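Asks: Questions regarding the structure given below will be posed in turn.
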Amino acid sequence: MIKRQRSTLSVPGHLEKMHKKAFETSADVIMLDMEDSVPMESKRAAREQIILTLKNAPKRGISVRVNSVDTHYCFRDVIDVVHAAPEQIDSITLPKVDCAGDIHFLSRLLDGIETEMGTQYFIAIDASIESAIGVENIVEIATAPRVRSLIFGIADYSASIGAKLNSISGHGENELEIYPGHRWNFVMSKIAQTAKAHNLLAIDSPYGNFKDPQGLEKNAKLACVLGFDGKWAIHPDQIESINEVFSPSSEELKRANRILEAARANPGRGAVAVDGRMIDSATVRLAQKLVDSVK
Ligand code: COA
Ligand code: MG
């Protein structure tokens, strides 16, 4: 169901009004959340509301974020919600994944539900990396069953390594002002590189200031140039910009097609000059990837 995942809109599970709104947006994936956007006293209500929403949902990319495996909510989030509407769910987003065991636990639960129901639908797992230990164990997480994407959980990761809270939301604001370069370059590159090594998607955290379109665009472009495939949104107003940043522009496509044409016109030549610049087989592969991404 999910073809590309430029934008993922996080929607608090207990707020029905926002569910309606979410389905009117052009988010590639709608993520119905039972974790951090839902207060403790509303965990059960969120689960029940999500089931109702799923039962009436149109066919489109949907993920459900459950509570982390170290909470007593997690197993019931999975069993109740997946059991109620397995065919509507493309993936479970698992927060605070620290090791492959967390994924195995969820995957086994899904095995059991799928076998019991005799369902032919396959539910993937989106693993949110948001701790120092999660980064240390990233390869075993990436290669665990059902994992489809690695997500960078910026705020919890900052807390996990004891990094300074640099803004009101802790989600990516003012980063370029406090560190020469970008303080999350290492972990973001690690996530992107591991995801790509294992054929997974790399998805960036949300940008917390939903009234700052320029900051959002800058932040999204940074993830895009590092190799990320998409980014979370926490507000409908962020979706258009995220979709645009993670789609190739017409100039980029034009340039890529010119590179491919030049290579085709010079068969048997390793390197060719285009506009006084060298292009070789690696350039051609990059250009081909870009052209293929919109097919
Ligand atoms: N999904 C769907 N609809 C949303 C939405 C979301 N994530 N965030 C806001 N909306 C809706 C509002 O309900 C409102 O709808 P209305 O016009 O029908 O009244 C409209 O968009 C405008 O919202 P606005 O008034 O600008 O924002 P707010 O003050 O109501 O909410 C937040 C601001 C940040 C609290 C809200 O966007 C939110 O809860 N986001 C998700 C947070 C989250 O999921 N966090 C966990 C992941 S990090
Ligand atoms: Mg988190």
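The values are calculated or read from the model by the stated rules, or taken from the named source; none is laboratory data. Worth saying up front: this structure is predicted, and the values here are computed from it rather than measured. Positions of Cβ are backbone-derived with ideal geometry, glycine not excepted, and every protein chain shown enters the neighbour counts. Ligands, DNA and RNA are stripped out before the accessible areas are found, and what is left, the full protein with its side chains, is counted by its heavy atoms. Shrake-Rupley method; radii C 1.70, N 1.55, O 1.52, S 1.80 Å.
Asks: Find the relative contact order for the chain and round it to a whole percent, using C-alpha pairs within less than 8 Å whose residues are 6+ positions apart.
Replies: With pairs under 8 Å counted, the relative contact order is 15 percent.
Asks: Calculate how steeply helix 281-292 sits against the longest principal axis of the alpha-carbon atoms of the chain, using the helix alpha-carbon long axis, and give the answer as 0 to 90 degrees to the nearest 10.
Replies: 50 degrees
Asks: Give me the percent of DSSP beta bridges within the chain that run antiparallel, rounded to the nearest 5.
Replies: Just about 10 percent of them are antiparallel.
Asks: At 1.4 Å probe size, with every protein chain present, just tell me what the per residue accessible area of the range 45-124 comes to in Å².
Replies: Computed with neighbouring chains in place, this is 43 Å² per residue.
Asks: Also, quick follow-up: Can you give the direction-averaged projected area of the convex hull of the alpha-carbon atoms in the range 1-102, in nm²? Each step should come with its number before you reach the end.
Replies: Working: hull surface 25.4 nm².
Result: a mean projected hull area of 6.3 nm².
Asks: What translational diffusion coefficient, in µm²/s and rounded to a whole number, does the Stokes-Einstein relation yield for the chain at 4 °C and a viscosity of 1.567 mPa s, taking the hydrodynamic radius as the Kirkwood radius over Cα pairs?
Replies: D, rounded to a whole number, is 64 µm²/s.
Asks: When the chain is modelled as a GNM with alpha-carbon springs shorter than 10 Å, which of Ala223, Ala233, Ala265 fluctuates the most?
Replies: Top of the fluctuation ranking is Ala265.
Asks: In deg cm²/dmol, rounded to 500, what helix-only [θ] at 222 nm does the chain give when every DSSP H run of at least 4 residues adds -39500 (n - 2.57) and the total is split over its residues? Walk me through the numbers before you get to the answer.
Replies: Working: 13 runs with 133 residues, N = 295.
Per the formula, -13500 deg cm²/dmol.
Asks: How much accessible area per residue does the range 148-227 have, in Å², with a 1.4 Å probe?
Replies: Details: 4030 Å² over 80 residues.
For the range 148-227, the solvent-accessible area averages 50 Å² per residue.
Asks: If I compute solvent accessible area with a 1.4 Å probe over the protein chains, what percent of it on the range 102-239 is carbon and sulfur?
Replies: On the way: 3550 of 6490 Å².
Roughly 55 percent of what the probe reaches on the range 102-239 is carbon or sulfur.
Asks: Over 32 Å between C-alpha atoms is what I'm after, so list which of Lys218/Lys295; Lys21/Lys254; Lys21/Lys190 land there.
Replies: Beyond 32 Å between Cα atoms: Lys21/Lys254; Lys21/Lys190.
Asks: Let's test this: bin the Cα-Cα distances of the range 117-242 at 10 Å from zero up to the farthest pair and state each bin's percent.
Replies: The percentages, shortest bin first, are 13, 43, 32, 10, 2, 0.
Asks: Defining a contact as two alpha carbons under 8 Å apart and six or more residues distant in sequence, what relative contact order in percent does the range 45-147 show?
Replies: Rounded, it is 28 percent for the range 45-147.
Asks: Sticking with this one: List the lysines whose alpha-carbon lies under 20 Å from that of Lys17, not counting same-chain residues fewer than 8 positions away?
Replies: Leaving aside lysines fewer than 8 places away in the same chain, those within reach of Lys17 are Lys43, Lys55, Lys59.
Asks: Per 5 Å bin, what is the whole-percent P(r) computed from every C-alpha pair distance within the range 251-293?
Replies: For the range 251-293, the binned pair fractions read 5, 26, 38, 23, 8, 1 percent.
Asks: Mind checking the range 26-131 for trypsin sites (Lys or Arg not before Pro) that DSSP puts in a loop (not H, G, I, E or B) and that have at most 10 other Cβ atoms within 10 Å?
Replies: Passing both the DSSP loop test and the Cβ count: Lys59.
Asks: What residue among Leu200, Leu165, Leu260 has the largest mean-square fluctuation in a Gaussian network model of the chain, using Cα springs under 10 Å?
Replies: Leu260
Asks: What is the range 105-178's relative contact order, in percent, from Cα pairs under 8 angstrom and six or more apart in sequence?
Replies: Details: 66 pairs, mean separation 20.0, N = 74.
Relative contact order comes out at 27 percent.
Asks: How large, in Å, is the range 91-158 by the Kirkwood hydrodynamic radius built from its alpha-carbon pairs?
Replies: 12.1 Å
Asks: Give me the base-10 log of I(q)/I(0) for the range 1-58 at each q in 0.16, 0.18, 0.26, 0.29 Å⁻¹, Debye formula, one uniform scatterer per Cα, rounded to two decimals.
Replies: Evaluating at q = 0.16, 0.18, 0.26, 0.29 Å⁻¹ gives log10 I(q)/I(0) of -0.47, -0.58, -1.07, -1.21.
Asks: Oh, and also: Taking the 0 to 90 degree range and rounding to the nearest ten, how far is the long axis of helix 213-225 tilted relative to the main principal axis of the chain, both from C-alpha atoms?
Replies: Once rounded, the angle reads 70 degrees.
Asks: Just to be sure I follow: if Rg is taken over the C-alpha atoms of the range 112-151 and Rh is the Kirkwood radius over the same atoms, what is Rg/Rh?
Replies: With Rg and the Kirkwood Rh in hand, the quotient comes to 1.12.
Asks: Using alpha carbon centroids, what distance separates the range 45-72 and the range 83-120, in Å?
Replies: When both Cα centres are located, 12 Å separates them.
Asks: Next question, about the same structure. For the chain, set up a GNM with springs between Cα atoms under 10 Å and report which of Val225, Val69, Val274 has the largest fluctuation.
Replies: Val274
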